[in-house]
Structures are given as C-alpha cells and as structure tokens.
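Beneath this line is the structure, given in structure tokens, with notes to follow.
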Amino acid sequence: MEQERSVRKVTLSSGRTVEVVYYGDEAPAGLAEPGLVERPLLPDSPLRPLHECEHCDSGLVYPTHWDEASEEHWKVHLRCPNCEWRASGIFDQEIVEHFDEQLDQGTEVMVRDLKRLMQANMSEEIARFMKALEADAILPEDF
C-alpha cells in the first residue's frame, strides 16, 4: 500500500529552494540523536546565532538534520565538531535563513582554503619534479 504524500517548495532568502515532503497527515517528527538537548522556541528573547556553540563558543556548529515545523518555523538538529555538543530546537524562518547564509559563507571560506592548499601542494610537487629533472633522476622507465 502506497502512503499519501504532499510536497511543498520553500524558497530561502539565499535563493536556494528546498522541497519538503510530507507522508500521511503530518510532517515527519525528526531524527532522535543521543545526547540531544532541546532548545525551546523563544520568539521574544535573543538567541545566539545557530552557528555558534553554546558549550564551547565555536563558530563551526552545523545542522545534522532539519525539517519544516510549520509555515514559518524549522526544527533544526545542531552539532558542534569541537566539543560534540548537540542540540535541537524550533526556530523561525529568519533565524534559519541567517544560519543558511552563515553556512554558505563557511563553505566559500573552505573552498578558498582548499584551492590555496591544492596550489601550494602542486607548487611543491613541481619544485621536486624540477629538481629531479636537473639531477637526471627521472628515466623513461618512470613513465
């Protein structure tokens, strides 16, 4: 027997569009994770940005899972790679969009760093290869 499903497209402020799929009458409840701390939705109180760890103040917190909780809210499971802090909470669209922007910026920084590292590694390989050529240490059999 096939379950009834519905799909809702949500466009974030970054321009990214995500599809949320519901099976049956309700949205999925989310994933249970060991050691997860629930962060309550506090619409009138300032929360620290989602990318900042509440335990060790690292700025590297990332989502392990997120689901739409309502039209304007998302349930997000968070993890800090530094101290293994985990939490979950329901946050409004604006907070999640800011988190999405922070994740995009972090991705851009990592890609730039990766490119610099690849270039440095390639430069070192070329320098070693040139030294080997100058020393006649490379033979046709090496290829």
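The values are calculated or read from the model by the stated rules, or taken from the named source; none is laboratory data. All of these numbers come straight from a predicted model, not from anything done at the bench. Ideal geometry is used to build each Cβ from the backbone, glycine not excepted, and the neighbour counts take in all protein chains shown.
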Residue match in the range 121-134 (condition: at pLDDT 90 or above, closer than 30 Å to Pro49 by Cα and not basic (Lys, Arg)): no
Contacts under 8 angstrom Cβ, first residue in the range 75-89 being of a type in the set (Asp, Glu), partner surrounded by fewer than 17 Cβ atoms within 10 Å (Cβ to Cβ), 6 or more apart: Glu84/Gly35
Some residue of the range 82-99 being modelled with pLDDT of 90 or more, of a type in the set (Lys, Arg) and more than 12 Å from the chain's Cα centre (by Cα): yes
Selection from the range 60-90 of residues that are assigned to a strand (DSSP E or B) and touching a helix residue (DSSP H, G or I) at 6+ places or on another chain (Cβ under 8 Å): Tyr62, Pro63, Trp66, His73, Trp74, Val76
